[in-house]
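Report on the following structure.
The values are calculated or read from the model by the stated rules, or taken from the named source; none is laboratory data. Predicted, not measured: the structure shown is a model, and the values here were computed from it. Virtual Cβ from ideal backbone geometry, glycine too; neighbours counted across all protein chains shown. Please note that ligands, DNA and RNA were not included when accessible areas were found on the heavy atoms of the full protein model with its side chains. Shrake-Rupley method; radii C 1.70, N 1.55, O 1.52, S 1.80 Å.
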Amino acid sequence: MYICNNNMDSPQLQAWLAEAPKYTIFRVNKLMQFNDTKIKSVLEQQRRELNCQSTPAYYLIKPDCLIVEQWPENVVIKKGNIEVVVDSMCAAAVLRGAHVYAPGVLGLPTNCSLNERVDIYGDLDGHCKRGLKVEYKGRKIYVGTGYIRMLRYQLFDDGVQPNGIAIETLLPASRLPVINESMYPKGHLVLQNLPSIITGWVVNAQPNEHILDMCASPGNKTTHLAEMSNNQAHITAIDKTDKKVIKIRQSCETQGVTCVHTFAFDSTKCHSDEANNEKGPPYKSNTFDKVLLDAPCSGLGQRPLLNNKMTAKMLQSYKFVQRKLFDSAVKVLKVGGKLVYSTCTVTVEENEGMVSWVLDKYPCMELIPAAPLHGGPGQPNVGLNDQQRVMVQRFGPDNDPLRPVEDLYRNTIGFFIAAFTKNNEHCT
């Protein structure tokens with residue numbers, strides 16, 4: 001029976017979502033050579049700037065996954081007297097270890113000088129007017145400290161379309177190091193959330209397999225699958241618009257991937273028994289060995305979630321798109337093939353509820369362990385029994401005794417992964 005509840009009202013979950021993860025994660029491109037010289041150098045430079053005795057720990061948990069920890073708790077920067085206000089999206093990025101880019105700046109005092117140290121605050125309600133000159137009195141949150149690299153005339157003058165780094169972040173309030181993939185030549189590293197990387201491990205792409213990535217833009221999971229197969233799988237990557245497909249192609253080019261074929265197409269319509277598979281979508285039944293459905297979702301697992309504008313009507317809309325995508329995925333998957341479903345949200349309806357719906361709707365589909373299992377089990381009493389709950393992965397603050405989870409996997413974003421296999425062709 002299909003059951004659903006609303007778990008977004010949990011105070012524990014809301015508090016967890018409002019915080020940044022404790023780790024920065026990079027996916028390492030296995031098609032290119034990697035060593036730690038550059039990251040070691042960048043962290044050492046920041047250590048000197050922060051006057052800290054040690055650098056954050058970093059390590060590989062697999063050849064394609066690099067973990068970087070926070071600065072020690074005793075690393076503290078005293079707040080100053082100058083406040084810069086940024087929008088909530090920019091504030092969340094700073095808490096993840098980013099600089100402040102010009103379009104995100106809302107308020108900057110008139111008496112600032114270049115290279116002056118400032119405190120960075122995020123506007124939580126979206127009420128700060130762009131170009132504010134005085135202290136913002138609305139609801140705000142301190143997200144970090146940095147140095148001014150652009151002045152008011154560069155940000156707010158009429159006709160200006162600002163770009164580039166406006167505030168160079170020194171230390172986020174989260175104590176995550178300020179690092180990104182630009183430390184290395186293009187394509188060597190990709191900033192990617194840990195559960196997103198684990199999704200690739202669950203698909204486990206192998207040479208010569210025919211794999212469909214249904215909602216592929218911007219291409220991070222697509223290129224991960226290609227790299228896992230040593231660039232030898234046959235991967236079809238689809239997304240709805242030309243603009244999104246261009247992003248996939250750019251990701252492939254940057255990362256040296258050549259085994260991916262891209263198409264601008266609506267994946268809810270990617271199945272047709274009248275299709276000619278040689279020409280691209282749509283595809284006949286039983287075409288692909290594996291299908292990745294990283295579905296459009298409410299995105300309510302993103303951390304830190306500082307400003308949630310999701311309405312109940314918007315939230316309800318996602319399940320209908322997800323169901324249509326599942327219908328196509330089930331049909332184009334080969335008998336004996338694997339379908340991996342993932343979302344970056346924490347709602348039951350889009351996760352355990354969707355798994356329950358699939359098992360009711362398609363008797364040919366069998367839930368299998370979404371291995372390797374690093375996240376916690378699915379939530380109880382929402383349509384899955386305990387045997388089914390331990391087959392899926394839910395990433396969140398809970399530590400269910402059914403499968404206890406290490407700190408690394410509890411302090412990432414909210415995410416969900418499930419895997420199915422197709423037992424026969426008679427699905428409906």
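Of GLY200, GLY396, GLY280, the residue with the greatest mean-square motion in the GNM of the chain, using alpha carbon springs below 10 Å, is GLY280.
Annotation for the range 313-422: GluC sites (Glu not before Pro) lying in DSSP loop with at most 10 further Cβ atoms inside 10 Å of their Cβ are GLU406. For the cross-link pairs LYS30/LYS186; LYS240/LYS361; LYS309/LYS338; LYS30/LYS422; LYS279/LYS331, the ones whose C-alpha atoms lie over 23 Å apart are LYS240/LYS361; LYS309/LYS338; LYS30/LYS422.
When the residues LYS319, LYS30, LYS140 are ordered by accessible surface, computed with a 1.4 Å probe over the protein chains alone, the sequence from largest down reads LYS30, LYS140, LYS319. Helical content of the chain, expressed as a calculated mean residue ellipticity at 222 nm, amounts to -7000 deg cm²/dmol (DSSP H runs of 4 or more residues, -39,500 (n - 2.57) each, divided by residue number, nearest 500). With the simple spin-label model, which puts each label point 7 Å out from Cα in the Cβ direction, the ILE77 to THR421 separation comes to 5.2 nm. Taking Cβ atoms as reference points and 11 Å as the exclusive limit, the residues near VAL382 contribute a net charge of 0, counting Lys and Arg as +1 and Asp and Glu as -1. When percent of Cα pairs over 33 Å apart is calculated for this entry, the matching label among [x] 38; [y] 34; [z] 44 is [x].
Estimated at 0.36 nm per residue, the fully extended path between ALA18 and ARG323 surpasses their Cα-Cα distance by 106.9 nm. Overall, the ratio between the Cα radius of gyration of the range 350-428 and 2.2 N^0.38 Å, rounded to two decimals, is 1.12. If R0 equals 56 Å, the separation of the Cβ atoms of ASP407 and ASN277 corresponds to a calculated FRET efficiency of about 0.80. Contact order for the chain, expressed relative to its length and based on alpha carbon pairs under 8 Å spaced 6+ residues apart, stands at 16 percent.
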